[in-house]
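The structure under discussion appears below in the form of structure tokens.
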Amino acid sequence: MILTLEKLKTEYANKGIELTLDFKNRLVEQTLMYDIDVVRVTGQVQFLQSRFVHFDLHIETTLTLPCAITLKPVQFPLSFKIEEDVSETSETEYQIVTDKIDLGNIVWGAIIPMIPMQVYAEDAPRDLYEEEPKVNEVFAQLKDHFDQK
């Protein structure tokens with residue numbers, strides 16, 4: 001969702017942001033998730049300078065991820081807060097380009113690192129792939145040493 005600076009000033013700076021974003025079209029570009037529900041974005045926007053914007057956002061959605069063992073779909077609720085600064089300079093990760101800010105890129109860029117490395121379905125047999133703990137020989141001898149005293 002691309003927002004102009006004027007729209008941010010007139011509509012969102014006073015009453016806050018309350019939007020829903022749909023990222024289904026971005027699922028083609030990645031392999032981390034099966035599906036993503038509509039993303040709800042709420043929060044505040046502040047103009048620290050005329051061309052330096054600070055976002056304080058809360059992001060909520062539900063991801064459908066593959067189980068690490070069975071590859072069955074697993075629902076993973078996601079809810080987190082971010083703070084992001086946007087300006088025309090290269091000092092910020094996201095820039096103002098021709099008086100516009102791409103809020104969709106900011107939110108998507110915040111969701112991707114929040115995806116867990118592994119999720120498990122409730123019926124996934126987790127113990128099948130766990131290795132038994134191996135004790136180093138040196139430490140095993142020390143254990144016997146302390147047990148004798």
Can we say residue 96 is closer than 30 Å to residue 17 by Cβ, under 23 Å from the mean Cα position of the chain (by Cα) and at pLDDT 90 or above?
no
Of those in segment 120-134 that are surrounded by 10 or more Cβ atoms within 10 Å (Cβ to Cβ) and of a type outside the set (Phe, Trp, Tyr), the residue modelled with the lowest pLDDT is 126
Can residue 26 be described as at negative phi and touching a residue at least 60 places away in the same chain (Cβ under 8 Å)? yes
Please indicate, with yes or no, whether at least one residue in segment 38-56 is touching a Lys or Arg at 6+ places or on another chain (Cβ under 8 Å), touching a residue at least 40 places away in the same chain (Cβ under 8 Å) and buried (at least 16 other Cβ atoms within 10 Å of the Cβ). no
Only unsatisfied item for residue 103, checking (1) on the phi > 0 side of the Ramachandran plot; (2) touching a strand residue (DSSP E or B) at 6+ places or on another chain (Cβ under 9 Å), is (1)
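So which of 59, 115, 69 is at pLDDT 90 or above, on the phi < 0 side of the Ramachandran plot, surrounded by 15 or more Cβ atoms within 10 Å (Cβ to Cβ) and in contact with a Lys or Arg (Cβ under 8 Å, 6 or more places away or on another chain)? Spell out the reasoning first.
On the way: 115 fails: in contact with a Lys or Arg (Cβ under 8 Å, 6 or more places away or on another chain); 69 fails: at pLDDT 90 or above.
Being at pLDDT 90 or above, on the phi < 0 side of the Ramachandran plot, surrounded by 15 or more Cβ atoms within 10 Å (Cβ to Cβ) and in contact with a Lys or Arg (Cβ under 8 Å, 6 or more places away or on another chain) holds for just one of 59, 115, 69, which is 59.
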- Determine if segment 1-12 includes at least one residue that is at pLDDT 90 or above and β-branched (Val, Ile, Thr). no
Of the residues in segment 93-128 that are free of Cβ contacts under 8 Å to residues at least 40 places away in the same chain and of a type in the set (Ser, Thr, Tyr), the one that is farthest from residue 62 (Cα to Cα) is 98
Taking segment 72-112 and keeping only residues that are surrounded by 12 or more Cβ atoms within 10 Å (Cβ to Cβ), closer than 18 Å to residue 8 by Cβ and β-branched (Val, Ile, Thr), one is left with 82, 86, 92, 96, 101, 106, 107
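Consider residue 9 carefully, then state whether it is touching a residue at least 24 places away in the same chain (Cβ under 8 Å) and basic (Lys, Arg). Break it down into steps so the answer makes sense when it comes.
Numbers: touching a residue at least 24 places away in the same chain (Cβ under 8 Å): yes; basic (Lys, Arg): yes.
Spelling it out, residue 9 is indeed touching a residue at least 24 places away in the same chain (Cβ under 8 Å) and basic (Lys, Arg).
The values are calculated or read from the model by the stated rules, or taken from the named source; none is laboratory data. Just so it is clear, the structure is predicted and the values come from calculations on it, not from any experiment. With ideal geometry, Cβ positions are generated from the backbone for all residues, glycine too; neighbour counts draw on all protein chains shown.
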